[in-house]
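> The structure follows.
FYI, it's all coordinate maths here, none of it is from the lab. Since we're looking at a predicted model, the values are computed, not measured. Glycine also receives a Cβ, built like all others from the backbone with ideal geometry; neighbour counts cover every protein chain displayed.
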Amino acid sequence: MLDARRARLWRDLGLGPIWRERTLADPLERPPHAPAGAADRAAQIAALDWEGLRHSVSECRACALCDTRTQTVFGVGDRCARWMIIGEAPGAEEDARGEPFVGQAGRLLDRMLAAAGLDRSGSGDSAVYIANVLKCRPPGNRNPQAEEVAHCEPFLRRQIALLSPRVILVMGRFAAQALLGSDASIASLRGRAHRIDVAGNCVRVIVTYHPAYLLRNLADKSKVWADLCLAREVYEQAG
């Protein structure tokens, strides 16, 4: 059987199609950017374990972002964490390193989490798992497009289902709107616990500002601290 690199070379040389047995864990390869049936694709992704999901993300060619990325940015942290942080999309440093929330905004996030007793490398009640809505960097750090969010949504929902967090802290307008299916502003979504259903489980969601926003608007740090305190209260109540 041809491996992925040789299979791509075979196709690029025009030597014909590659036939192989289809399984749920090994879905049929498609030409770049060719849309799959959304329901079938989501069902396949929903059946993956952590390693299968990471592999599926790394091989994803569902939208044009695959042509400009350096690498995908899957997520980082304890896969048993009860806290989950969700951001919007990788930036230049995240794209280079393959890890979400690095660079200046990532360092600010780490300080914020530490103040709340949390750590991306922690364990137990201090552990967090960090992921983005998009797994590839939009060129020039532009805003995510609706089509890109739709293609990545099954990956994020599977991460949430596998993690089964007690609380999700969602950072930034696009991430909040994507996760909650809303077009409301951050200001109107803050200050209360939302609920989403993922794989039959109800998960509580707290909305706050993105660390990159705080770097430009230092006065709003107190609002994010209030959101972290609310998330901590919700976490304790849900225990």
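> What spacing in nm lies between the two simple spin-label points modelled at residue 196 and residue 220, each 7 Å away from Cα in the Cβ direction?
Placing both labels 7 Å along Cα→Cβ, they lie 1.9 nm apart.
> Among the DSSP beta bridges whose two residues both lie in segment 64-158, what percent are antiparallel, rounded to the nearest 5?
Of all bridge pairs located within segment 64-158, approximately 25 percent are antiparallel.
> Which residues' amide hydrogens lie under 5 Å from the amide hydrogen of residue 198, considering only partners 5 or more residues apart or on another chain, with H built in the peptide plane?
For residue 198, the qualifying residues are 203.
> Over what distance in Å are the Cα centres of segment 86-126 and segment 159-196 separated?
17 Å
> Here is a follow-up. Taking 0.36 nm per intervening residue step and subtracting the Cα-Cα distance, what contour gain separates residue 233 from residue 183 on full extension?
Fully extending the segment from residue 233 to residue 183 adds 15.4 nm.
> So for segment 71-238, Kirkwood radius off the Cα pairs, Stokes-Einstein at 25 °C and 0.890 mPa s: how many µm² s⁻¹? Don't skip to the end; give the middle numbers.
Details: Rh = 15.7 Å.
Once the numbers are plugged in, D ends up at 157 µm²/s.
> So, R0 is 30 Å and r is the distance between the beta-carbons of residue 67 and residue 146; what FRET efficiency does that work out to, to 0.05?
Efficiency for this residue pair is about 0.95.
> Could you work out how far apart the two model spin labels at residue 92 and residue 115 are, taking each label as a point 7 Å from the Cα in the direction of the beta carbon, and quote it in nm?
Calculated label separation equals 2.8 nm.
> Peptides 58-71, 126-139, 150-163, 190-203: what's the order by average Cβ count within 10 Å, highest mean first?
Top of the packing list down: 126-139, 150-163, 58-71, 190-203.
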